[in-house]
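Note sheet for the following structure.
The values are calculated or read from the model by the stated rules, or taken from the named source; none is laboratory data. Remember, predicted model here, so these are calculated numbers, not experimental data. Because the Cβ atoms are built from the backbone with ideal geometry, glycine has one as well, and the counts that use them run over all protein chains shown.
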Amino acid sequence: MSSILTDRSFRLSIILTLIFLGTGLLFLLLGIAEYDWVLFILLPIVLGIAIGALPNIGWAYFGVGFGIISFLFFLLIGQMAGFLCVITSMVLIVPFIFLGTIIVHLGRRYRELKNPPLRAFGTSCGNSTVSGK
């Protein structure tokens with residue numbers, strides 16, 4: 001249990017999740033964004049990209065889950081009127097978070113395939129090209 005609490009990816013993913021979900025709610029309450037693609041598509045994909053860039057993606061997913069549960073708990077404590085709407089909208093938001101992490105994974109994989117690591121020729125055991133005689 002202490003390893004998850006000391007993991008940097010876990011802690012950063014909680015902070016990022018709370019910031020992005022809080023920003024989305026603030027945009028909604030202030031009227032900056034309506035119920036449209038910004039709230040349900042753009043912010044979750046950007047959150048997924050930020051989470052996907054973390055070094056330990058396994059703990060980062062746990063952090064996202066913990067951050068979402070914390071966000072819902074804060075909404076419940078604050079007695080927000082749209083609490084049930086936020087819960088039902090998570091069905092739309094969570095797949096786009098995963099889509100953002102997939103985008104990061106595919107970008108990393110593309111870079112690996114585009115720039116393969118350099119390998120020296122003739123350095124494996126038994127392939128010595130220089131004889132000692």
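Here are the numbers for the structure shown:
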{"quantity": "Residues (assigned to a helix (DSSP H, G or I) and over 18 Å from the mean Cα position of the chain (by Cα)) located in the stretch 67-88", "calculated": "72, 73, 74, 75, 76, 77, 83, 84, 85, 86, 87, 88"}
{"quantity": "One residue from 63, 22, 31, 52 being at positive phi and either within 24 Å of the chain's Cα centre (by Cα) or not aromatic (Phe, Trp, Tyr) (or both)", "calculated": "31"}
{"quantity": "Those helices (runs of 4 or more DSSP H) lying entirely in the stretch 1-61 with at least 1 residues out of contact with any strand residue (DSSP E or B) (no Cβ under 8 Å at 6 or more places or on another chain) and under 15 Å from residue 89 (Cβ atoms)", "calculated": "8-30, 43-52"}
{"quantity": "Among (1) of a type in the set (A, V, I, L, M); (2) surrounded by fewer than 17 Cβ atoms within 10 Å (Cβ to Cβ); (3) at pLDDT 90 or above - the single one residue 72 does not satisfy", "calculated": "(3)"}
{"quantity": "Residue list for the stretch 104-133, restricted to those being surrounded by fewer than 13 Cβ atoms within 10 Å (Cβ to Cβ), aliphatic (A, V, I, L, M) and modelled with pLDDT of 70 or more", "calculated": "106, 113, 118"}
{"quantity": "Given (1) touching a Gly at 6+ places or on another chain (Cβ under 7 Å); (2) over 14 Å from residue 101 (Cα atoms), index of the condition residue 45 fails", "calculated": "(2)"}
{"quantity": "Residue list for the stretch 1-53, filter: within 17 Å of residue 65 (Cβ to Cβ), at pLDDT below 90 and among the β-branched types (Val, Ile, Thr)", "calculated": "4"}
{"quantity": "Residues being loosely packed, with under 14 Cβ neighbours inside 10 Å, hydrophobic (A, V, I, L, M, F, W, C) and under 18 Å from residue 26 (Cβ atoms) - total across the stretch 75-86", "calculated": "5"}
{"quantity": "Test for residue 64: is it closer than 17 Å to residue 23 by Cα, of a type in the set (A, V, I, L, M), modelled with pLDDT of 90 or more and in a helix (DSSP H, G or I)", "calculated": "yes"}
{"quantity": "Cross-chain or 6+ apart pairs with Cβ under 7 Å, the stretch 46-65 first and of a type in the set (S, T, N, Q), then surrounded by fewer than 20 Cβ atoms within 10 Å (Cβ to Cβ)", "calculated": "56/7"}
